[in-house]
Number of protein chains: 2
Amino acid sequence: MKPNIQHSFQQYYQNHIRISGSNALLIAVSGGIDSVVLAHLAKAANIDFHIAHCNFQLRGEESQRDEQFVQALATQLGVPFHVQRFDTETYAAANKLSIQVAARELRYTWLEETRIAHQLQALATAHHLQDNVETVIMNLCKGTGIAGLHGILPVVNRLVRPLLFATRDEIVAFAQAQQISFVEDSSNLTDKYTRNYIRHHVLPVLKEVHPEAIENFGHSIPRFQEAEVLYRQALEVHMKKLVEKRKNEWFIPVLKLLQATPLHTIVYEIIKQAGFGNAQVQQVIDLCKGETGKYIASQSHRIIRDRQWLVITPIENEESFHYIIEKGDNEIAGNFGRITIQTLPAVPVEIPTDASIALLDTKHLEFPLLLRKWKQGDYFYPLGMDKKKKVARFLIDQKLHIAAKEKVWVIESNKRVVWIVGMRIDNRFRVQNNSQHILQLTFQPA
Amino acid sequence: MKPNIQHSFQQYYQNHIRISGSNALLIAVSGGIDSVVLAHLAKAANIDFHIAHCNFQLRGEESQRDEQFVQALATQLGVPFHVQRFDTETYAAANKLSIQVAARELRYTWLEETRIAHQLQALATAHHLQDNVETVIMNLCKGTGIAGLHGILPVVNRLVRPLLFATRDEIVAFAQAQQISFVEDSSNLTDKYTRNYIRHHVLPVLKEVHPEAIENFGHSIPRFQEAEVLYRQALEVHMKKLVEKRKNEWFIPVLKLLQATPLHTIVYEIIKQAGFGNAQVQQVIDLCKGETGKYIASQSHRIIRDRQWLVITPIENEESFHYIIEKGDNEIAGNFGRITIQTLPAVPVEIPTDASIALLDTKHLEFPLLLRKWKQGDYFYPLGMDKKKKVARFLIDQKLHIAAKEKVWVIESNKRVVWIVGMRIDNRFRVQNNSQHILQLTFQPA
């Protein structure tokens, strides 16, 4: 025997909606079978609710008939009734919207205002199992992946769908058994063409495949919703292991990433947050296997391969962007220009005076070095001085204009500035007569 | 520009199939466009393979034509060719199978034998993206939940599908561009009625919903496969936290289980392994919220609510089954009968002589007590004796017949037998004149 819909409703409501007490719901009732049945079920379940009806005035007398019907229903059930008449056609024309889109905008705006005005906890609509199957089929056709499978959710913020568990057949059977009257939903105003096409052409052929196809499909949707919760839980674990956030940059160790399973999805979910899509996943994997310094870009972010790291960095945030210089690197190139790196076997006879060449005693350096834009608060010991100086002050003294100052890069070793690139090294890292290991950096501007 | 199918094939093969070296594949070739294109792609990718063709002799001259065509293809590609002619109709009649089922059985048995005989690493079939969409739609109609979404997998043991990434359009375009000839697959032998119905009636209407519907849907399937991997990973974590295995019984702490998210799916995945289904999930949740001693059963297992535990126990393993008696319990009931438990304020004036009543000094008891079937190796100190005795010996002395012996239960306190239920208590736990706290157990057989 099939369980009674009233019992299923209360169980579903208790498990998934859980909004009780006074002023629980504002139920949107068109007068069609689904929303009328929802109102009856809610009444029998002792839920405290109001009824709201939108009259879009698109079908003349029929619209008036529907409004009166819903008002009578509210009186019958003894619940407060709210109604709004919209001049939908004028609104659509004024805002250059289709009638469908205009009606939906007007509807949800007014319903939400009404909910708030009457201090009701949530707005309830009468979407049911078959609506949800239609939504998931639309999503599958659009290719929305795992997120498309959950379809319509029972609760999204202050919007709830307490009838999602019910099949159309169950709703019809209940209306018949209880002799509940309703009006014909002749408008399907909130449905797009696609949804109606699926309803009238796709669902019937699926029923030919399997007589219980819609029920079977529909009952799988809550399973997909929960599967997505588990998916997110596992993803969270991978993200914690793989993504290190430093300010607004993300650092991902390449080798660890390549060992992660399932790779494609993990890469997708990481880069999605930086404006990349499924199409870039293979590029990112190739980046992991490719050379340092290469990058791919979205509208908002760059993903840069930097030695053992993938670095995801916001484009507008160039100042915080940096390059890593590891021991043994020969060259580093980027939008700042190019720095070539050589190890010298001994202190050269003549120390170059060219400011674009830096000679450093590696004894004091800690790798990796960081190449980054200078920032307020930076200071260093300019070569030849034993007192520290703010980099900002130094740049003023150099008489750099603002645009030029914004292009100044520094190299940092364990939080100490080593070199104002192309301008002055730090005194602490200078080469002395007894220096054993010398690094020569040569800067070419972009 | 769309990527070249040969390039996509090699990338897909490298990422998902990864079978290289000599004697890599046995490719099953019917002569139809899909399997012929697969053979050509494999050849161009330098994969070492043989071709196998099944001649089911169901279509007279056409069957002969197909066999000759595939043989010629093998010669053209310079690869070994294996063929088998089946008397499909006789086999189907002899085994009372439909022609379709008979052909599939014959096909896979012979292909696998051939693969092994020629020491080939894997068998390859030419299933493509559209086949996979059909499979997933069939599964959705059947309601197979999350597991149904992965459809056809690229690798299952020694069976591989290297063409799963390709759309039918890509395959046709490649055949045309390369002027590859093939025969018409007029039999669709391995396809059931349902699959053909979906191909001819469901997919065309989905294309009306969205022109790229099949491609979008199909490209989501590998995402679903990976989503399922993440699903399993998260599930594994929950299982480790929730399920404690003791021999062949599983213990699940009720409170912890009820707090787990997503509850329905976690319960489902736990009980699935004991032969329960989706329909029992709510019953199990109710069991968690209900009384001790209740249980639900599958063909093979019972799930019993036993105080703070759910215990999943194999039915055939009745001996290992047990109930837990906590301090303060008033009653324990089950298939053994019923035991009522009372605390007495003082030693009764008259010690009852009825063997179905046990008076115990709680001073010596350690809770929880265990109620379980007696087993070989059990011993105790029968009331009035200070020498221990094997329970087996005791039961023989009581002149119990075998069936009755199998129904004897004991109560155990910290591995010491306290009571042979309804027969004799242990001397060590007897009430004495100075006993302060007395437990009276009264046994009623089932």
(request) Among the residues of region B:354-388, count how many are assigned to a helix (DSSP H, G or I) and charged (D, E, K, R). (result) 1
(request) Among the numbered conditions (1) closer than 24 Å to B:H16 by Cα; (2) among the β-branched types (V, I, T); (3) within 14 Å of another protein chain (Cβ to nearest Cβ), tell me where A:V254 comes up short. (result) (3)
(request) Working carefully through the options A:I425, A:I402, A:I357, find the one that is among the aliphatic types (A, V, I, L, M) and crowded, with 17+ Cβ neighbours inside 10 Å. (result) A:I425
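Does region B:222-232 hold any residues that are over 17 Å from B:D131 (Cβ atoms) and within 7 Å of chain A (Cβ to nearest Cβ), and which are they?
Just the residues of region B:222-232 that are over 17 Å from B:D131 (Cβ atoms), to begin with: B:223, B:226-232.
B:R223, B:E226, B:A227, B:V229, B:L230, B:Y231, listed by residue number.
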(message) Residues to consider are A:E236, A:E291; find the one that is modelled with pLDDT of 90 or more and either surrounded by fewer than 18 Cβ atoms within 10 Å (Cβ to Cβ) or in contact with a Phe, Trp or Tyr (Cβ under 9 Å, 6 or more places away or on another chain) (or both).
(response) A:E236
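On the given criteria, is A:Q71 surrounded by fewer than 15 Cβ atoms within 10 Å (Cβ to Cβ), at negative phi and not small (G, A, S)? Don't jump to the end; show me each part of the working.
Working: surrounded by fewer than 15 Cβ atoms within 10 Å (Cβ to Cβ): no; at negative phi: yes; not small (G, A, S): yes.
No, not satisfied.
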(message) Contact list please: Cβ distance under 8 Å, first residue in region A:281-302 and within 15 Å of A:W250 (Cα to Cα) and among the aliphatic types (A, V, I, L, M), second residue surrounded by 14 or more Cβ atoms within 10 Å (Cβ to Cβ) and at pLDDT below 90, pairs at least six apart or on different chains.
(response) A:V284/A:I296; A:I296/A:R302; A:A297/A:I315
(request) Report the residue count in region A:305-356 for those that are modelled with pLDDT under 80 and of a type in the set (F, W, Y). (result) 1
(message) Can you list the strands (runs of 3 or more DSSP E) lying wholly within region B:1-95 that have 2 or more residues being in contact (Cβ under 8 Å) with a residue 40 or more places away in the chain and either assigned by TED's automatic domain parsing to the domain that holds B:P222 or among the hydroxyl-bearing types (S, T, Y) (or both)?
(response) B:25-28, B:49-55
(request) Would you please name the residue that is nearest to the other protein chains (Cβ to nearest Cβ), looking only at residues in region A:97-149 that are over 30 Å from B:F224 (Cβ atoms) and assigned to a loop (DSSP other than H, G, I, E, B)? (result) A:S98
(message) Just to be sure I understand, how many residues within region A:389-430 are part of a strand (DSSP E or B), within 21 Å of A:Q444 (Cα to Cα) and not β-branched (V, I, T)?
(response) 7
(request) Please state which one of A:H264, A:H219 is within 7 Å of another protein chain (Cβ to nearest Cβ), surrounded by fewer than 20 Cβ atoms within 10 Å (Cβ to Cβ), over 25 Å from the mean Cα position of the chain (by Cα) and touching a residue at least 12 places away in the same chain (Cβ under 8 Å). (result) A:H219
(request) Please specify each residue of region A:233-250 satisfying the condition of being away from chain B (no Cβ under 14 Å) and either assigned to a helix (DSSP H, G or I) or within 19 Å of the chain's Cα centre (by Cα) (or both). (result) A:V243, A:E244, A:K245, A:K247, A:N248, A:E249, A:W250
(request) Evaluate region B:146-157: report whether one residue or more is more than 28 Å from B:K272 (Cα to Cα), modelled with pLDDT under 95 and not hydroxyl-bearing (S, T, Y). (result) no
(message) Here is a check on your reading of the model: is B:I341 part of a strand (DSSP E or B) and in contact with an Asp or Glu (Cβ under 7 Å, 6 or more places away or on another chain)?
(response) yes
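The rows are residues; the columns are (1) under 27 Å from the mean Cα position of the chain (by Cα); (2) under 26 Å from B:Q179 (Cα atoms).
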| position | (1), (2) |
| --- | --- |
| B:L41 | no, yes |
| B:V70 | no, yes |
| B:Q76 | no, yes |
| B:V79 | no, yes |
| B:Y91 | no, no |
| B:D131 | yes, yes |
(request) Collect the residues in region A:150-178 that are among the β-branched types (V, I, T), more than 14 Å from chain B (Cβ to nearest Cβ) and buried (at least 17 other Cβ atoms within 10 Å of the Cβ), keeping them in residue-number order. (result) A:I152, A:V160, A:I171
(message) Of the conditions (1) more than 9 Å from chain B (Cβ to nearest Cβ); (2) within 22 Å of the chain's Cα centre (by Cα), A:K294 satisfies every one except a single condition; which number is it?
(response) (2)
(message) If I go through region B:371-397 residue by residue, how many of them are buried (at least 16 other Cβ atoms within 10 Å of the Cβ), in contact (Cβ under 8 Å) with a residue 40 or more places away in the chain and among the aliphatic types (A, V, I, L, M)?
(response) 2
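The values are calculated or read from the model by the stated rules, or taken from the named source; none is laboratory data. What you see is a predicted model, and the numbers here were worked out from it, not measured in a lab. Glycine also receives a Cβ, built like all others from the backbone with ideal geometry; neighbour counts cover every protein chain displayed.
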